[in-house]
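A quick write-up on the structure given underneath.
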């Protein structure tokens with residue numbers, strides 16, 4: 001099963017949903033598809049869908065999906081990574097009325113550059129190829145998140161130590 005989620009942002013993400021529905025209709029996608037469509041106005045004709053899902057149901061869909069395609073909201077694609085899967089991330093774009101600016105594009109690009117553990121699909125026209133070759137694409141990708149927390153904490157500790165040292 002392919003699970004597509006556009007999150008709960010109050011603007012539509014018709015561009016992604018229409019493309020997935022089109023790929024299913026054309027037979028490019030052969031497995032079942034479930035779409036969480038949020039506030040999108042397009043209603044899929046070839047995929048199962050629901051506007052919003054309870055959190056537990058979202059977790060279950062992520063856990064059981066072969067492929068998870070998500071918008072560029074960090075919470076959405078990080079939850080996929082936490083489930084041990086490589087998400088296909090399609091950032092919302094301002095030019096299509098999907099968000100107020102392009103922060104999802106910027107953030108997803110940075111994660112892709114630094115972590116190398118998401119498939120970034122800024123152009124929905126590439127989704128068919130990504131889905132068909134998904135298993136080959138993810139075969140060599142890291143599934144875990146690298147964290148800077150330890151290094152950040154060490155540096156912060158040094159700064160705090162300097163601040164609190166008594167001058168001799």
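Worth pointing out:
- Residue 117 being farther than 27 Å from residue 27 by Cβ, buried (at least 16 other Cβ atoms within 10 Å of the Cβ) and without any contact (Cβ under 8 Å) to a residue 60 or more places away in the chain: yes
- Of all residues in region 7-23, those that are free of Cβ contacts under 8 Å to residues at least 40 places away in the same chain and either part of a loop (DSSP other than H, G, I, E, B) or under 17 Å from residue 134 (Cα atoms) (or both) total 1.
- Within region 24-48, the set of residues being over 18 Å from the mean Cα position of the chain (by Cα), under 19 Å from residue 9 (Cβ atoms) and touching a residue at least 12 places away in the same chain (Cβ under 8 Å) comprises 41, 42, 44.
- Test: residue 78 is assigned to a helix (DSSP H, G or I) and surrounded by 22 or more Cβ atoms within 10 Å (Cβ to Cβ): no
- Residue in region 95-104 that is out of contact with any helix residue (DSSP H, G or I) (no Cβ under 8 Å at 6 or more places or on another chain), part of a loop (DSSP other than H, G, I, E, B), modelled with pLDDT under 95 and surrounded by 15 or more Cβ atoms within 10 Å (Cβ to Cβ) present: yes
- Of all residues in region 130-142, none that is modelled with pLDDT under 95 has its Cβ atom under 6 Å from the Cβ atom of a residue that is surrounded by 11 or more Cβ atoms within 10 Å (Cβ to Cβ) and assigned to a helix (DSSP H, G or I), 6 or more apart or on another chain.
- Search result, residues across region 1-56 that are touching a helix residue (DSSP H, G or I) at 6+ places or on another chain (Cβ under 8 Å), surrounded by fewer than 15 Cβ atoms within 10 Å (Cβ to Cβ) and under 20 Å from residue 91 (Cβ atoms): 41
The values are calculated or read from the model by the stated rules, or taken from the named source; none is laboratory data. Quick caveat: nothing in here was measured; it's all calculated off a predicted structure. All Cβ positions, glycine included, derive from the backbone under ideal geometry; neighbour counts span all protein chains shown.
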